[in-house]
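Take a look at the structure below.
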Amino acid sequence: MTEVARKYVFDFDSTLTRVEALDVLAEMTLQGKPNREEIIGEIQRITNLGIDGDISFTESLEQRIKLLEAHKDDLDGLVEELRHKISKSIESNKEFFEKFSDDIYVISCGFKEFIDPIVKEYNIPSERVFANTFEFDEQGNIIGFDEKNVLATHNGKIECLKNLDLKGEVQVIGDGYSDYVMREAGIADKFFAYTENVHREKAAEHADHVTPNLDEFLFVNDLPRNISYPKNRIKILLLENVHPAAFHNLSEDGFSVELVKTSLSEEELIERIKGVHVLGIRSKTQVTQKVMDAADKLLVVGAFCIGTTQIDLNYCKSKGVVVFNAPYSNTRSVVELAIGEIIMLMRSVFPRSTEIHGGQWNKTASNSREVRGKNLGIVGYGNIGKQLSVLAEAIGMRVYYYDIDDKLALGNAVRCETLENLLNISDVVTLHIDDNKANKDFIGERELNQMKDGAMLINLSRGFVVDIDALSAALESGKLAGAAVDVYPEEPRANGEFHSKLQGLPNVILTPHVGGSTEEAQRNIADFVPNKIMDYINSGNTVDAVNFPNIRLPKQTNAHRFLHIHKNVPGIMAKINKVLAEYELNINGQYLSTDSELGYVITDLDKEYNKEVIKALRKIENTIKFRVLY
Ligand SMILES: NC(=O)c1ccc[n+]([C@@H]2O[C@H](COP(=O)([O-])OP(=O)(O)OC[C@H]3O[C@@H](n4cnc5c(N)ncnc54)[C@H](O)[C@@H]3O)[C@@H](O)[C@H]2O)c1
Ligand SMILES: O=C(O)CC[C@@H](O)C(=O)O
């Protein structure tokens with residue numbers, strides 16, 4: 001890193017701290033006053049007018065101090081409060097303040113009485129803090145400020161910085177008007193609009209660079225920092241209306257997140273994927289080879305659902321892109337819908353409901369049966385199948401299941417050796433096999449004929465699993481007495497018109513792929529998948545990845561972490577370790593996880609090392625991706 005003879009001039013309120021100190025002081029001093037909220041609102045309004053340059057600063061200060069009714073004794077409490085309100089990225093980058101201590105200044109229109117003790121902890125001594133000072137009366141009440149101080153005047157920061165006559169490039173980091181005017185006046189060389197706590201449009205417009213936190217500022221200036229790559233530079237694109245909590249979780253962690261309501265076509269996605277580090281989708285978006293080839297920055301795909309066949313998992317892997325899904329966040333929702341549909345079908349509730357909606361009263365018990373004692377055939381005894389098995393038994397059904405794998409029977413459920421056995425005996429057959437493409441037309445004419453006359457079929461798995469022509473024929477002929485279908489061979493990318501051969505058939509429940517669409521499930525997914533994404537981006541963990549060797553790494557403390565993803569070919573580990581040895585790195589830990597195609601090696605090492613090693617590691621033949629984390 002190059003050390004340039006630069007000077008860094010920081011604003012205090014809303015930059016070094018997350019708050020405006022006088023607002024905090026007001027909260028404290030006005031406690032218990034009946035019109036407290038009103039006065040605080042007024043103080044904030046005046047503060048903003050001053051910051052945006054809409055009233056003169058002196059005016060803003062005078063008005064606020066009058067409203068504050070503060071006392072000298074309140075200042076200790078204020079300092080204590082402010083200590084807990086340091087901006088997050090300032091707090092995590094103490095190293096910069098230590099190393100560049102001699103070049104850092106604070107120029108603020110706040111007050112030295114509370115700024116000095118706070119910034120002292122960041123190695124900024126009182127002599128490099130330029131701010132106002134209070135005036136007290138004999139009882140210690142704050143009655144005004146030193147009006148002779150340039151910082152108490154309009155555009156006082158310009159005057160102050162001019163008087164300092166700093167040598168070298170002067171960079172100003174602040175959030176408001178009084179900061180960017182120093183640059184406009186030509187006294188400062190650069191203005192960085194600091195938006196971690198407040199985004200002021202005017203400041204952003206006048207900035208050489210908008211910096212959402214100190215990490216970004218340190219990154220663009222190549223200065224020592226706590227984090228290898230500022231998170232705001234990591235772009236996340238979330239499609240298909242994923243729950244807003246996902247947006248919240250990921251933005252809270254500092255990432256730049258964009259939400260799109262629908263899925264995108266291949267061409268649209270090819271256009272949008274450029275520069276994106278994380279893609280979040282549900283079941284409609286196809287992540288194809290062409291999409292992956294256009295993805296120049298992609299690290300992770302998050303499937304905010306169970307199914308992952310919409311993603312070319314192997315191609316993602318060959319590009320070093322990790323895929324996560326939410327394997328059981330919506331399981332319960334699907335199971336509850338299945339139970340509901342079993343009852344609705346057996347009782348012919350939908351035909352009765354349609355009739356009465358059409359103005360027809362048809363009180364009848366024909367084709368209306370209890371589920372108690374009936375045979376339920378579950379095809380696919382995985383997460384959903386098993387949970388359904390438990391709930392169905394609880395309402396008195398006899399459960400049979402068929403799965404290609406050996407599965408432990410829960411409760412009194414009975415395993416069927418063949419699909420045909422299950423189809424032969426079930427009053428209701430419900431499909432919960434996985435979204436493997438080999439399951440296409442799993443239920444066709446032959447299988448429907450193997451079902452009992454008058455049985456019902458439920459498909460909550462994937463549309464291609466059932467031959468829709470065969471199903472509609474079986475329903476029309478009366479072979480089947482009903483069906484519930486949630487998934488279709490072709491589903492639209494966005495809400496709108498939809499057509500299916502099954503429309504208009506009696507005792508057929510049609511739903512638009514909403515088996516997992518409950519508020520609870522979507523909320524669970526919005527926590528689960530972002531956590532996996534953040535864990536991978538921030539630490540390199542791949543636990544629960546669907547296409548990648550899984551590894552849970554120890555916490556990275558006081559170390560740099562090299563993440564090397566490579567083709568699993570003979571000799572590659574030896575080459576990696578040869579490079580590490582050549583550069584004499586002090587290794588704290590090394591972890592390896594592989595599958596037949598891919599190797600993922602993680603090395604934790606002491607922070608001080610020759611950075612040329614990074615280039616050497618990237619150059620190793622068969623390297624797919626390489627990242628450094630700290
Ligand atoms: N409708 C919805 O909104 C919705 C919501 C969630 C899940 N799903 C779908 O539900 C299905 C099941 O989900 P899950 O979480 O239980 O999956 P899972 O992987 O836990 O279980 C699937 C089971 O099916 C079995 N299986 C696969 N192919 C089979 C075959 N040909 N014959 C017999 N058994 C077979 C597997 O061995 C496994 O036990 C998936 O297709 C998923 O995409 C749909
Ligand atoms: O929410 C979705 O789009 C898909 C729901 C479901 O099919 C799943 O795979 O989890």
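The values are calculated or read from the model by the stated rules, or taken from the named source; none is laboratory data. Keep in mind that what you see is a predicted model, and the values were worked out from it rather than measured. In this analysis, Cβ positions are derived from the backbone assuming ideal geometry, glycine residues included, and neighbour counts consider all displayed protein chains. Areas reflect the complete protein model, heavy atoms only, side chains present, ligands, DNA and RNA absent. Shrake-Rupley method; radii C 1.70, N 1.55, O 1.52, S 1.80 Å.
Overview of results
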item: Share of Cα-Cα pairs in the chain lying beyond 32 Å, as whole percent; result: 62
item: Calculated [θ] (222 nm, deg cm²/dmol) that DSSP helices of n ≥ 4 give over the chain, each run adding -39,500 (n - 2.57); result: -10000 deg cm²/dmol
item: Relative contact order %, the range 477-630, counting alpha carbon pairs below 8 Å whose residues are six or more apart; result: 21
item: Stretchable slack from THR133 to ARG446, in nm (0.36 nm times residue separation minus alpha-carbon distance); result: 103.8 nm
item: Förster radius 41 Å - calculated FRET efficiency between VAL390 and THR354, Cβ distance, rounded to 0.05; result: 0.80
item: Amide N proximity, the range 560-582 versus GLU608 label position 7 Å along Cα-to-Cβ, cut-off under 16 Å; result: 560
item: Which listed pairs, of LYS532/LYS615; LYS261/LYS452; LYS437/LYS578; LYS532/LYS611, have C-alpha distances above 31 Å, in listed order; result: LYS261/LYS452; LYS437/LYS578
item: Per-peptide average of other Cβ atoms within 10 Å, ordering 174-182, 469-477 highest first; result: 174-182, 469-477
item: The chain - share of DSSP beta bridges that are antiparallel (%, nearest 5); result: 30
item: ³J(HN,Hα), Karplus 6.51/-1.76/1.60, whole Hz, each residue of the range 227-242, x for Gly, Pro; result: 10, 4, 9, x, 5, 5, 7, 8, 8, 10, 10, 10, 9, 6, 6, 5
item: log₁₀ of I(q)/I(0) at q = 0.17 Å⁻¹ - the range 325-479, Debye sum with one point per alpha carbon; result: -1.02
item: Span-like helix ranges in the chain, DSSP H, alpha carbon extent 20 angstrom or more, Kyte mean at least 0.5; result: 331-346
item: Protection-proxy order for peptides 362-372, 284-294, 458-468, each taking the mean of Cβ atoms within 10 Å per residue, highest first; result: 458-468, 284-294, 362-372
item: In Å², nearest 10: area of TYR328 left accessible to a 1.4 Å probe; result: 130
item: Residues of type lysines that LYS33 reaches as a straight line, Cα spacing below 28 Å, ignoring anything fewer than 8 places off in the same chain; result: LYS66, LYS72, LYS85, LYS112
item: For the chain, accessible area per residue (1.4 Å probe, heavy atoms of protein chains only), Å²; result: 46
item: Peptides ranked, highest mean first, by Cβ atoms within 10 Å: ranges 355-361, 419-425; result: 419-425, 355-361
item: Inter-probe distance in nm under a simple model that places probes 7 Å from Cα toward Cβ, at GLU38 and ALA409; result: 7.6
item: The chain: relative contact order as a whole-number percent, Cα under 8 Å and 6+ apart; result: 9
item: Potential lengthening between LYS297 and ALA5 on full extension [0.36 nm per residue; Cα-Cα distance subtracted]; result: 101.7 nm
item: Carbon/sulfur fraction of accessible area - the chain, other protein chains in place, 1.4 Å, %; result: 48
item: Net lengthening on full extension, THR594/GLU520 (0.36 nm per residue, minus Cα-Cα); result: 23.1 nm
item: Between the range 97-132 and the range 587-613, the alpha-carbon center distance in angstrom; result: 40
item: Mean separation of Cα contacts under 8 Å (6+ apart) over length of the range 431-522, as relative contact order %; result: 27
